[in-house]
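Notes follow the structure.
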């Protein structure tokens, strides 16, 4: 059974009525812009939320329902002085003055009842050992998103006080919202920097690959269109389901990559067919029937891989997955309709503004002609296939080895730039007070709180915390009890960075040892929450999700390639090679970031941990993009094989016709991704560098060496399909008439 998807008819129709198609797209983009302007901001959230019923989520939900309402963020203003101590009236005047200014912000900004300092409550933990440092603590009002909006007002008040008192005091603020504000600002700066670096380099590569400035601008326009479409859809979805603010960053990054790539292949195929003498509309139709169809199946591969991210019960992964899916679908839709319409309008003007020296050769590129770099490369590889595979496999395996010593976690605020005020204040708190006042562990106790057994359990827990051998816990805060007396909160400061090994070990002891010992035999349910517990749960989910996401992505990729190429060998080989490329990228991340190898050379920050979300993120994104290139390459190989049934000639033709395009497209992705690795946040550095390195390995070592070498060794076995799978639909990439025409090109 043959299934011939008519992307050719869609391309022909778009090219025949180009202005109609363009107007439809303009109207659609106007709707997207309307959604972005009016709904995007309200549809995005700064919250980090589990979508399952984890212990941390249940504990937070109980607190919000019965004790404190929406979870506020803990903030701290740190005072330091080399001139006064807290016993001096000048010190007291400065602290109480700023406290009054913060209180004046009102209940909509700060929970006034939580506002405290050494002079208002006399608690000794507010004062450092040398009595020269103290702090003001408070909780922001509202939920996390409201706090994110309001924190700038708090920071402004603190900065005004800091300026007025700078002769005698150093005043800085830190906390969950303050750090979040710095994180958002740094992320935005890093992304803008990445775009400023990546986009011009991508344009240069496009000019070199296509040989004309006019042709090079078309893929950039397609990328921008796909980004606008995806952000518009996200804004619409945000009216029903809040998406993480990271979604726009991912859409921009992935949109630049796939939007350029897909249109690059279609434009190149159009010019190839025009070079063969086809009329304009026929050439556009043929490009739609060949490259356009490959774009459809490549997009399907990427989308199905990205669906794996939707299986992870955390809003960041779900948002990233949805955003990437939207932009890939937008890029596919634009390549199938808008791009043929633009080519229909431009015609041969797409070759305008040729680049001197290289323009003529690139525009008149004909893959049927033997010779040139790619032909020589594939000839060398297929002449020595065993040696080629041994060398490249050995290299990738060597790069994979460091992955087995990977240490995942959160880099934490300690990896932020030193000039950040929130980092400086946090480190001062940790040094001077030896506990995490900003982000305490929160122990939620459910039961008859007033009963003697529960009260005894609370006292036992306090004793266990006070005698912790590592001294990780500060004095517990006052017990908060719900009105019904069935729920209580005991907040306990924990030393160190909330994502650091010390605090994670401390909260793990608290949850698994101290709580169990203290409340054994009592009729209670205990939930340990707080930022460190949140991080621990996130690490667990990231680890556990591997066993769901990896099989899903591998399985769905295998099935799709099985249907597309009607071979059981090609999908297995593709999965093995892609896994090797992804594994090598993991190993390089460990070498560069964790071990510091050449980190300085690349301008990257050494970190003892790889961000825990990176492996899953890289796997889903890279597996989709790697399969992307695999589909483009194998479609041209299969096209030629269907014409003459000569595997060696088909491999040579495939590499010759796609080598420059795949390499150029890959270099564009590398430029875009590495542009994002030039920022100051180590997480974005790891993401951008890892994506770029994996794409580079995949497009060079895997596609140009390992694929032709393995296909040479396998010969006709490449196309083996067991008889019991003959029922699979025959989804063709190329019309039969085209494959016959190609048979005239002698590659023997």
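Brief remarks follow.
- Maximal additional length on extending the residue 477-residue 608 stretch stands at 43.9 nm, based on 0.36 nm per residue less the C-alpha distance.
- Value of relative contact order over the range 73-180, rounded to a whole percent, pairs C-alpha under 8 Å and six or more apart: 44 percent
- Sequence-distant contacts, meaning Cα pairs under 8 Å at least 6 residues apart, place the relative contact order of the range 224-358 at 38 percent.
- Sequence ranges 699-705, 316-322, ranked by mean other-Cβ count within 10 angstrom, highest first: 316-322, 699-705
- The chain: angle of helix 18-43 to the longest principal axis, Cα-based, in degrees nearest 10: 10 degrees
- Where labels lie 7 Å past Cα in the beta-carbon direction, separation of residue 384 and residue 208 in nm: 2.6 nm
- The simple Förster model, with R0 at 30 Å and r as the Cβ-Cβ distance, assigns residue 280 and residue 30 a FRET efficiency of 0.55.
- Pairwise FRET efficiency - residue 501 versus residue 38, Cβ, R0 = 41 Å, nearest 0.05: 0.35
- Per-pair calculated FRET efficiency, R0 = 56 Å: residue 724 and residue 523 via Cβ, rounded to 0.05: 0.40
- In nm, spacing of pseudo-spin labels at residue 455 and residue 48 (7 Å Cα→C-beta vector): 3.8 nm
- The alpha carbons of the chain stretch over 93, 51, 47 Å along the principal axes, in descending order.
- Crossing angle, helix 176-210 versus the chain [Cα axis fit, 0-90 degrees, rounded to tens]: 10 degrees
- The angle separating the long axis of helix 373-383 from the principal Cα axis of greatest extent in the chain is about 90 degrees.
- Spacing of the modelled spin labels on residue 23 and residue 352, each 7 Å from Cα toward Cβ, amounts to 2.3 nm.
- Cα point-scatterer Debye curve for the range 93-234, base-10 log of I(q)/I(0) at q = 0.19, 0.20, 0.22 Å⁻¹: -1.16, -1.24, -1.37
- Interatomic Cα distance distribution for the range 398-551, bins of 5 angstrom, percent: 2, 9, 16, 18, 16, 14, 11, 8, 5, 2, 1, 0, 0
- Two-decimal Rg/Rh across the range 153-271, once Rg and the Kirkwood Rh are taken from alpha-carbon atoms: 1.21
- Solvent-free Debye scattering, log10 I(q)/I(0), computed from the Cα coordinates of the range 69-127 at q = 0.21 Å⁻¹: -0.90
No value in this document is a laboratory result; all are computed from the given coordinates. Source: prediction; values computed, not measured. With ideal geometry, Cβ positions are generated from the backbone for all residues, glycine too; neighbour counts draw on all protein chains shown.
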